[in-house]
Amino acid sequence: MIDTSFPACFQPFLKELKKIRVDLSEIKYLLLTHSHDDHAGFAAELKEKTNCRIIAHKNSIDALKNGCIINVGRFLNGRAHIEMSLYNWVKRRNFEYSPVILNDEDIIVAGDEDILKTIGVDGRIIYTPGHTDDCISVILANGNAFVSDACMSNRSFLHYRPIEVYDLALVFESWRKIIENGAKTIYPAHGKPFTVEELIHYKKMYAP
Ligand SMILES: [Zn+2]
Ligand SMILES: [Zn+2]
């Protein structure tokens, strides 16, 4: 499984899982793309229920242990600022979640890693910082790329850039890695999937 969602989404998630007839016990690994509350929100609860092993980047460890966002990025621009501030206010978002206790069974990665093949997944983990400094993506051998918040397609004005950034130059560097690692279809965490050609187009525009 890649990422959870907000803490309050655990019960709805269990219902959805039932609908698609997946038993909780089938979840053996939970890869956390980064430590934000909308991604790691119910990781602790899921780990407790399933005993799944967590896969995360080393820069996520402190935030996961504390159960809150540590390094908050800046907004991409004024519009992003207004929209995210409104969203957070309406949702009464407090950026916290149950602390995730990591143990020796969990897998901590430091950069690009080939460990997925050892657990039966034909793909790679690549380090894709920029939105935060702890972002990792999964690129499968068939070209399906799960890039979390390295790209966002839920608002057209973003042009696939994240609405919050820690380092925009690093975002474009991560896009280059996603493209060069054979991505064909990009699955962002926020918004609909899109083709790598679109990403190439906007990368040329912003970081030629
Ligand atoms: Zn995020
Ligand atoms: Zn997110």
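Coordinate-derived values only; no laboratory data. For clarity, every value in this text was computed on a predicted model and none was experimentally measured. Glycine gets a Cβ as well: all are built from the backbone with ideal geometry, and neighbour counts include every protein chain shown.
Residues that are of a type in the set (Val, Ile, Thr) and surrounded by 22 or more Cβ atoms within 10 Å (Cβ to Cβ) within segment 39-57 comprise Ile54, Ile55, listed in sequence order. Scanning segment 32-52 for residues that are more than 16 Å from ligand 1 (Cβ to nearest atom), touching a residue at least 24 places away in the same chain (Cβ under 8 Å) and part of a loop (DSSP other than H, G, I, E, B) turns up just one, Cys52. The number of residues in segment 53-65 that are outside any strand (DSSP E or B) and among the aliphatic types (A, V, I, L, M) comes to 3.
Would you point out the residue of segment 1-31, among those that are among the aliphatic types (A, V, I, L, M) and either buried (at least 20 other Cβ atoms within 10 Å of the Cβ) or within 16 Å of ligand 1 (Cβ to nearest atom) (or both), that is farthest from Cys135 (Cα to Cα)? So that I can check it myself, show each step before the final result.
Filtering segment 1-31 for residues among the aliphatic types (A, V, I, L, M) gives 1-2, 8, 14, 17, 20, 22, 24, 27, 30-31.
Still in the list and also either buried (at least 20 other Cβ atoms within 10 Å of the Cβ) or within 16 Å of ligand 1 (Cβ to nearest atom) (or both): 2, 30-31.
Details: Ile2: 12, Leu30: 15, Leu31: 11 Å.
Looking at the filtered set, the residue picked out is Leu30.
Take the conditions (1) in contact with a strand residue (DSSP E or B) (Cβ under 8 Å, 6 or more places away or on another chain); (2) more than 16 Å from ligand 2 (Cβ to nearest atom); Leu17 misses just one of them, which is (1).
Of all residues in segment 129-151, exactly one satisfies the criterion of being under 9 Å from the mean Cα position of the chain (by Cα), under 12 Å from Gly73 (Cβ atoms) and either more than 12 Å from ligand 1 (Cβ to nearest atom) or not acidic (Asp, Glu) (or both), namely Cys135.
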